[in-house]
1. Given R₀ = 25 Å, what would the calculated FRET efficiency be for ASP100 paired with HIS150, taking r from the Cβ atoms and rounding to 0.05?
2. Positive end of the dipole of the chain, charges at C-beta (+1 Lys, Arg; -1 Asp, Glu), about the Cα centre: which of GLN136, SER69, PRO119 has its Cα farthest in that direction?
3. Helix check for the chain. Which DSSP H runs span at least 20 Å along their own axis by Cα, with a mean Kyte-Doolittle hydropathy no less than -1.0?
4. If you take the beta carbon distance between ALA27 and ILE141 as r and set R0 to 35 Å, what does 1/(1 + (r/R0)^6) give as a FRET efficiency, to the nearest 0.05?
5. From Cα pairs below 8 angstrom and at least 6 apart in sequence, can you work out the relative contact order of the chain, rounded to a whole percent?
6. So if we plug the beta-carbon distance of ASN131 and VAL77 into 1/(1 + (r/R0)^6) with R0 = 25 Å, what FRET efficiency do we get, rounded to 0.05?
7. What GluC sites (Glu not before Pro) does segment 17-81 have in DSSP loop regions with at most 13 other beta carbons within 10 Å?
8. So what is the diffusion coefficient of the chain in µm² per second by Stokes-Einstein at 37 °C and 0.692 mPa s, using a Kirkwood Rh over Cα pairs?
Amino acid sequence: MSGFGKKIILLILIVLVVLQLLPVDRANPEIVKGEDFIELNKTDEKVASIMRSACYDCHSHETVWPWYSYVAPVSWVVADHVEHGREELNFSTWKGYSSDKMDHKLEECIEALEEGWMPEEGYVSMHEEANLSEEQKELLIAYFSGLRAHL
């Protein structure tokens with residue numbers, strides 16, 4: 001390898017190391033008892049388990065930050081996805097939603113499962129437990145539909 005090629009590789013390595021020093025917000029805000037979706041709806045353990053494995057990492061304050069969320073620039077992408085997910089739907093702050101907003105979010109959950117755009121493919125590829133079977137999807141859809149009927 002030429003001296004120029006070695007310098008380019010060294011420069012890339014230096015940039016990657018420096019990028020690790022840039023902070024990424026991986027905070028999980030405090031979970032307030034009595035505000036979480038699963039708790040409020042007295043969700044049975046089977047449904048709760050599915051939701052925690054397929055939804056809660058991006059849509060709650062219970063995010064489990066995997067090893068790769070500590071490596072820039074991937075860490076920026078993961079943190080951005082979690083931030084956006086929490087903005088769209090946050091199961092940890094469910095109690096704060098109006099009845100109309102709850103109904104709309106449940107409707108979106110059903111649509112996302114039926115159309116297959118949640119959980120996202122990229123997430124599922126890194127988290128096999130989030131790869132929902134048709135039976136699991138149908139269970140969630142039935143559960144969310146039942147909740148909508150009681151709003």
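1. Values: r = 14 Å, r/R0 = 0.57.
Between ASP100 and HIS150 the formula returns 0.95.
2. My answer, from the dipole projection, is SER69.
3. Numbers: long enough: 3-19 (24 Å, 2.58); 74-88 (21 Å, -0.56); 99-115 (24 Å, -1.06); 134-149 (22 Å, -0.16).
Correct list, ordered by number: 3-19, 74-88, 134-149.
4. Computed FRET efficiency for ALA27 and ILE141: 0.65.
5. 26 percent.
6. For R0 = 25 Å, the calculated efficiency reads 0.80.
7. GLU30
8. Roughly 190 µm²/s, to the nearest whole number.
Values in this text are rule-based calculations from the coordinates and carry no lab data. For clarity, every value in this text was computed on a predicted model and none was experimentally measured. Please note: Cβ atoms are built from the backbone with ideal geometry, for glycine as well, and neighbour counts cover all protein chains shown.
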